[in-house]
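Read through the structure below, which is laid out as structure tokens, and then see the notes.
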Amino acid sequence: YLIYGMHHCLNLVTEADGTAGAVLVRAAEPVAGFDGAGGAEARGRRLLSGPGKVCAALGITLRDKGLDLTQAGAFFVADDGRRPPRRAASPRIGVDYAGAWAARKLRFYVPGNTAVSGNPR
């Protein structure tokens, strides 16, 4: 028997129903106290260095689909009040099929951060 692993991706919808707009979270940087699945602190920042890894470490599955992330709960997104870090942009990874959109710089990341997934182009 072959067993295939399924990877979930964390997409944050940024627009109202009927309007296209979302952000794929490709990586995250663990903060103090985060222990994640299997001990993130022991395994270093690379635990959250890919879309599938982010969901696995945070325990995100299809049961979380449709959650309102602006409401406090087990998982929500909040502004910590700090100034955002400098960011850079590059073409997205693995979208060669997207024609002219493949070259657009729609992938945003913090330069030099070890949590960034893939190599910026």
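The values are calculated or read from the model by the stated rules, or taken from the named source; none is laboratory data. All figures in this text were calculated on a predicted structure; none of them were measured in a lab. When we count neighbours, we look across all protein chains shown, and the Cβ atoms used for this are built from the backbone with ideal geometry, even at glycine. To get the accessible areas, we keep the full protein, side chains included, count just its heavy atoms, and leave off ligands, DNA and RNA. Shrake-Rupley method; radii C 1.70, N 1.55, O 1.52, S 1.80 Å.
Annotation: of all residues in the range 69-116 being open to solvent by less than 40 Å² (accessible area, probe 1.4 Å) and under 20 Å from Glu15 (Cα atoms), the one that is modelled with the highest pLDDT is Arg107.
Answer yes or no as to whether Ala42 is open to solvent by 70 Å² or more (accessible area, probe 1.4 Å), at pLDDT 85 or above and either not in a helix (DSSP H, G or I) or not basic (Lys, Arg) (or both). Judged against the criteria, Ala42 is not a match. Taken over the range 50-68, the criterion of being without any contact (Cβ under 8 Å) to a residue 12 or more places away in the chain and exposed (fewer than 13 other Cβ atoms within 10 Å of the Cβ) is satisfied by Arg63, Lys65, Gly66, Asp68. Pairs needed: first member in the range 84-105, over 16 Å from Pro51 (Cβ atoms); second member anywhere, of a type in the set (Gly, Ala, Ser); C-beta distance under 6 Å; at least 6 residues apart or different chains. What qualifies is Pro91/Ala103; Asp96/Ala102; Lys105/Ala89; Lys105/Ser90.
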